[in-house]
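Report on the structure given below.
The values are calculated or read from the model by the stated rules, or taken from the named source; none is laboratory data. Computed from a predicted structure; not experimentally measured. Cβ: placed from backbone, ideal geometry, glycine included. Neighbour counts: every protein chain shown. Surface accessibility is based on the protein's heavy atoms, side chains included, excluding ligands, DNA and RNA. Shrake-Rupley method; radii C 1.70, N 1.55, O 1.52, S 1.80 Å.
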Amino acid sequence: MTRIADLLGAQNTLSFEFFPPADEVAAKQLEKTLDELAGLSPSFVSVTCGVGGDGHDRTRDIVTDICRDRTFPAMAHLTCVGHTREGVAALLDDYAAAGVANILALAGDPPDGSAISGDFHYASELVEVIRDHPADFSVGVAAHPEVHPRSTNRASDRQHLAAKLSRADFAITQFFFDPADYVQLCEELADLGCQQPVIPGVMPVIWPKSIRRFADMNGSTVPEDLFTRLESMPAPDRIGAAAESAAKLSQTLLDAGAPGIHLYTLNRPEASTQITELLNL
């Protein structure tokens, strides 16, 4: 199976993120979305897991199904929350046996905001365990252009990220709306000697109220003019306007040297399809 690390640098990548469906109706919607977005020939896709580490089994099942049935690789999100070393080792064994080659190592968020439980507390610890596994996984980590919400200051945030990236192959960012934040992140990492590629994550604002809530949790700054304009639109018009805004941000990032674009789909195909059509990929 293709390793994401081997894709980066050859040409700009296009990737999509999905979350595990909660019921049969949502599962059918995800399958429909996968079918439609497959026609765009994504470089890879990723599948999240639930808050508090819930849903790793569902993530594993979806990722292995995609890697078996689709022509593009799928990357599994793996979080520290609630995991023992034995549990992580078993998951990695499952992924290796299924031919899954890509893992995104994350600290994760406890369900109630309490301290992270389990044998791991930082994504860097998870990266070390993945690297020690006999399978040659391609390992990604998360980056926050506007600084991780739990960081005490910008300098230490960038130092921790550079150290984490020193053992990983690439990073994917949390969503953001100002391209200057991404450019500054890459410059700060370069100043620390970190040259691993950082793929920007872009969120089309198809559901403004929900994305405001996500932004509050992630520490992402919301552009009020954009959100106010989109909130006033009927849903069909909003999807097109959200796609146009996200495509403009994506193109600016690509022009600034981003190695690709990672689109947060919210398990819907419409905005991602329109964004891809508008991009110079």
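What residue, among those in segment 222-281 that are among the β-branched types (V, I, T) and over 15 Å from F177 (Cβ atoms), is surrounded by the most Cβ atoms within 10 Å (Cβ to Cβ)?
If we filter segment 222-281 for residues that are among the β-branched types (V, I, T), which is where we start, we get 222, 228, 239, 252, 261, 265, 273, 275-276.
Subsequent filtering for residues that are over 15 Å from F177 (Cβ atoms) retains 239, 265, 273, 276.
Details: I239: 21, T265: 23, T273: 19, T276: 21.
This residue is T265.
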Seminar exercise, completed: How many residues of segment 80-105 are within 11 Å of C67 (Cβ to Cβ), surrounded by 15 or more Cβ atoms within 10 Å (Cβ to Cβ) and not hydrophobic (A, V, I, L, M, F, W, C)? The answer is 2
Exercise. Within segment 106-114, is there a residue that is buried (at least 21 other Cβ atoms within 10 Å of the Cβ) and hydroxyl-bearing (S, T, Y)?
Worked result: no
Exercise. When P200 is evaluated against the numbered criteria (1) open to solvent by 10 Å² or more (accessible area, probe 1.4 Å); (2) at pLDDT 95 or above, which criterion, by number, is the only one it fails?
Worked result: (1)
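Checking the condition among the hydroxyl-bearing types (S, T, Y) and at pLDDT 95 or above, which residue from Y95, Y122 passes? So that I can check it myself, show each step before the final result.
Numbers: Y122 fails: at pLDDT 95 or above.
The conditions single out Y95.
Every residue, every condition in (1) open to solvent by 40 Å² or more (accessible area, probe 1.4 Å); (2) modelled with pLDDT under 95; (3) charged (D, E, K, R), yes or no:
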position: D136; (1), (2), (3): yes, yes, yes
position: V141; (1), (2), (3): no, no, no
position: S156; (1), (2), (3): no, yes, no
position: D178; (1), (2), (3): yes, no, yes
position: Q196; (1), (2), (3): yes, no, no
Problem set entry | The lone exception for D6 - which of (1) outside any helix (DSSP H, G or I); (2) under 26 Å from Q196 (Cβ atoms); (3) open to solvent by 30 Å² or more (accessible area, probe 1.4 Å) it fails | (1)
Exercise. Do we find that L34 is modelled with pLDDT under 95 and open to solvent by less than 30 Å² (accessible area, probe 1.4 Å) in this structure?
Worked result: no
Seminar exercise, completed: For D169, the lone unmet condition from (1) open to solvent by 10 Å² or more (accessible area, probe 1.4 Å); (2) at pLDDT below 95 is (2)
Problem set entry | The listed residue being in contact with a strand residue (DSSP E or B) (Cβ under 8 Å, 6 or more places away or on another chain) and either farther than 22 Å from E17 by Cβ or free of Cβ contacts under 8 Å to residues at least 40 places away in the same chain (or both), out of L106, L126, L92, L78 | L106
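Going through segment 203-221 one residue at a time, which ones are more than 27 Å from L278 (Cα to Cα) and open to solvent by 50 Å² or more (accessible area, probe 1.4 Å)?
Here is the first cut: in segment 203-221, the ones more than 27 Å from L278 (Cα to Cα) are 213, 216-219.
Hits for segment 203-221 are R213, D216, M217.
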